[in-house]
1. Treat the count of other C-beta atoms within 10 Å as a stand-in for reagent exposure and order Lys124, Lys20 from fewest to most.
2. For Met1 paired with Leu116, estimate the spin-label separation in nm (one decimal), with each label point 7 Å from Cα along the Cα-to-Cβ line.
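Bear in mind that the values in this text are calculations on the coordinates, not laboratory data. Since we're looking at a predicted model, the values are computed, not measured. Please note: Cβ atoms are built from the backbone with ideal geometry, for glycine as well, and neighbour counts cover all protein chains shown.
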Amino acid sequence: MPVPNITQVVPGAAVSIVLKEDQPTGRQVQGHVQNVLTSGNHPRGIKVRLSDGRVGRVQKMHTGEMPTTETSSTQSSAPSYTSRAPRERDNRRSKFQSRDVRLDEDGEAPKEEIDLFAYVKPAKQKKGRGGKVQEPVREEEPVVEATKTASCPVCGDFEGDETAVAHHVESHFT
């Protein structure tokens, strides 16, 4: 069955398309054309973007009301995207397959929050002499010594540590 040509596929038309990831199975989805992405006719179908954002090649035109269920050229009832069994890897494709998780039906958030510290591995312990494991060195907070406060011998108004007072005194004589 030939695919529709470029004159039939116009924005707003009701069509059935095959998504890129569904090309091996022939699974088709329906929608309305938002943009035509192919400039001319194509033997596998004209590439379009549907109004919901999905991109694929047009296989059929629909007149009137579109069917609400998904159809497939190979089987009468296609499984949903999330329940479809993973396809076998062939030699032409990369072993890394991706999918759009936004299209999954179960859009629930993860049950528990996981922060980045869950993925940090502790450092390996170094062995010292004698084969004993050294204890990790703990960094202690610096001890802040109490500093003596001094006051300005010239004006008596300024107070601070010795360095600050010495700087202040110089400002009286310059």
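1. Working: Lys124 7, Lys20 10.
By the 10 Å Cβ count, ascending, the order reads Lys124, Lys20.
2. 5.3 nm
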